[in-house]
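Presented below is the structure to which this report refers.
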Amino acid sequence: MSVRKRKWQTSGGEPREAWVVDYFDQEGDRVLRTFEKKKDADAFHATVKVEVGRGEHITPSKSETVAEAAERWIKRVEAEGRERTTVRQYRQHVDLHLKSIGAVKLAGLTAKHVETFRDDLLANLSRPMARKVLTSFKSILKAARRAHVAANVSIGQNKRKRKLEVGVDIPEPKEVKRLIEACTATRNRALLLTVALTGLRASELRGLRWSDVRLKDGELDVRQRADRFNKIGPPKSEASRRTIPIPPEALFALKQWKLECPPNEGDLVFPTGTGHIEHHSNMLRGLAPVMVAAGLVDGKGEPKYALHSFRHFFASWCINPRSRGGRELPPKEVQTLLGHSSIVMTMDTYGHLFPRGNDKAELAAASRALFA
C-alpha cells in the first residue's frame, strides 16, 4: 500500500501529474485510486489502511447500493426466524423511507449522506417513527460492515413528549370500577379484570392458555403470545417471560369464565366463539359497548380507552402509594411485573407516577445534619 506521484503527457504534449494510492483490498485484488492533490491521497491512504485492516473497506467497483444491502439485510432477518410482524415493519422502512438514499453506493456513502437522510426523516415523519427508520438503516449498515459511517448520527428522544396522564391515557380507579360493574358478560368481566390487574400486553392476553393459569396457586405464567397475524410464538423478549400473581377478584372471574369458555385446540383462555385466536381489533370492539354503558367515552361518544390503557392502569396501580389504594412497589418490581427488558423503559414511561417524598423536610434534615 503506497502513495506515489504519477507524471504523463497528454496527446497534445501538455504535462500532467497526479497522486496515486496503490493498494490491495481485503480480497487480495489490486486497486488504484487517483487524486489531484497529495493531501487528498494521503487522507484516503490513511482511511483505506484502517478499513482494509478491519475488513470494512469496499472497493467502488465491487460496491453494492444501499438498496441492495437493504434487500440482503431483509433476507438475513427472515432467515434468522424473526417474527413476521417485525419483518413486515422492516420491509415498510425499506420500501417507504429508504428510497432517497437507496441508489447511493456503500463505498461512496459518507456521514454527510447519513446526516441529510436523518434530516429528511425528521422533516417528513414523526420523531418516534424517524428514530425507528434510522435504527433500521443503521442495522443495514452494520450488516454491510459500514456502521462506522453513521456512528455519530442519531435522533434523540423528544424531550417535549407528553407524559401519560391519569384520566386521559390511564383510566382512573373509579372508571375501572364503573367499567367492571357494567360488564354483564362473564367473558368481558374476566378479560377486563385480568388485563387491569395483571398488566398483560394484548398479544399476551390473546395467547394466554389455561395451562398457564394456575388457579389453585393464584398465579399466571407468560410463556407465549399471539402476534397481529394470529401466529403463536414466544414472548416479546426474555424479560417478558414472567410469573404474575392474580388478585382474588380476577381469580374468581377467571374461575367463572372457565366454566363457560368454549373448548379449543390451543387451550386459549380468551378464544373466539369458534375456538380460534381472537383478533386484537375484535377484542377491543367487543369491549366498546361496555365502555359506552359505563360512560367512558370521548367527546365524539367513542370509547375513551384502548386495551393497552389498562396495562397503563396496572402499572399506575403498582406504583401508587397505599394511601391512594395502590401497591407502592419499587421500580424494579414494577419492571419485572410489566416484563420490560430494562428499568430505563419503565422509568421513561412511568417514572413521573412514582410518589415523591417530602423534599423540603428531607432538605432541611440533610442541611441540619451537615452543619451539626
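Table for the structure above
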item	result
Strands (runs of 3 or more DSSP E) within segment 1-114 that include 2 or more residues surrounded by 13 or more Cβ atoms within 10 Å (Cβ to Cβ)	15-24, 30-35
Flag for Arg131 being under 30 Å from Glu51 (Cα atoms), in the same structural domain as Gly102 (by TED's automatic domain parsing), in a loop (DSSP other than H, G, I, E, B) and modelled with pLDDT under 95	no
Search result, residues across segment 286-305 that are surrounded by fewer than 15 Cβ atoms within 10 Å (Cβ to Cβ) and touching an Asp or Glu at 6+ places or on another chain (Cβ under 9 Å)	Ala288, Gly295
Near pairs, Cβ below 7 angstrom, 6+ apart or cross-chain, from segment 199-224 (among the small types (Gly, Ala, Ser)) to any residue that is assigned to a loop (DSSP other than H, G, I, E, B)	Ala202/Leu307; Ala202/His308; Ser203/Asp227; Gly207/Gln224; Ser211/Asp267; Gly218/Ile246
Among the candidates Pro271, Pro235, Pro263, residue that is under 28 Å from Glu83 (Cα atoms), free of Cβ contacts under 8 Å to residues at least 40 places away in the same chain and under 30 Å from the mean Cα position of the chain (by Cα)	Pro271
Verdict on Arg322 being modelled with pLDDT under 95, loosely packed, with under 10 Cβ neighbours inside 10 Å and under 17 Å from Pro173 (Cα atoms)	yes
Single residue of Thr10, Thr59, Thr65 found to be touching a Gly at 6+ places or on another chain (Cβ under 9 Å), among the hydroxyl-bearing types (Ser, Thr, Tyr) and farther than 30 Å from Pro235 by Cβ	Thr65
Residue within segment 265-276 that is part of a helix (DSSP H, G or I), under 27 Å from Ala182 (Cβ atoms) and aliphatic (A, V, I, L, M) present	no
Residues located in segment 289-308, provided they are hydrophobic (A, V, I, L, M, F, W, C) and either under 25 Å from Pro247 (Cβ atoms) or assigned to a loop (DSSP other than H, G, I, E, B) (or both)	Val290, Met291, Ala293, Ala294, Leu296, Ala306, Leu307
Those residues of segment 142-183 which are assigned to a helix (DSSP H, G or I) and touching a residue at least 12 places away in the same chain (Cβ under 8 Å), in sequence order	Ala143, His148, Val149, Ala150, Pro173, Glu175, Val176, Arg178, Leu179, Ile180, Glu181, Ala182
Looking only at segment 309-333, and only at residues there that are out of contact with any helix residue (DSSP H, G or I) (no Cβ under 8 Å at 6 or more places or on another chain) and basic (Lys, Arg), the one that is farthest from Ile246 (Cα to Cα)	Arg324
Lone unmet requirement of (1) at pLDDT 95 or above; (2) out of contact with any Gly (no Cβ under 9 Å at 6 or more places or on another chain) for His312	(2)
Breaking point among (1) surrounded by 15 or more Cβ atoms within 10 Å (Cβ to Cβ); (2) in contact (Cβ under 8 Å) with a residue 12 or more places away in the chain; (3) assigned to a helix (DSSP H, G or I), for Lys258	(1)
Residue in segment 112-122 that is outside the structural domain of Lys236 (by TED's automatic domain parsing) and modelled with pLDDT under 90 present	no
Those residues of segment 236-255 which are assigned to a helix (DSSP H, G or I), surrounded by 15 or more Cβ atoms within 10 Å (Cβ to Cβ) and charged (D, E, K, R), in sequence order	none
Close pairs (7 angstrom Cβ cut-off, 6 or more residues apart or separate chains): within 24 Å of Glu328 (Cβ to Cβ) in segment 303-315, buried (at least 20 other Cβ atoms within 10 Å of the Cβ) and aromatic (Phe, Trp, Tyr) anywhere	Ala315/Tyr350
Elements of type helices (runs of 4 or more DSSP H) contained in segment 327-372, each with 3 or more residues being modelled with pLDDT under 90	359-371
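So that you can scan it fast, the table gives a plain yes or no per residue for (1) touching a Lys or Arg at 6+ places or on another chain (Cβ under 9 Å); (2) modelled with pLDDT of 80 or more:
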site	(1), (2)
Arg16	yes, yes
Asp25	yes, no
Val31	no, no
Phe35	no, yes
Ala43	no, yes
Ala46	no, yes
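Here's the yes/no breakdown for (1) at pLDDT 95 or above; (2) crowded, with 20+ Cβ neighbours inside 10 Å:
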site: Lys142; (1), (2): no, no
site: Val166; (1), (2): no, no
site: Arg189; (1), (2): yes, yes
site: Gly207; (1), (2): yes, yes
site: Gly218; (1), (2): yes, no
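The values are calculated or read from the model by the stated rules, or taken from the named source; none is laboratory data. No experiment lies behind these values; they were computed from the predicted model shown. Positions of Cβ are backbone-derived with ideal geometry, glycine not excepted, and every protein chain shown enters the neighbour counts.
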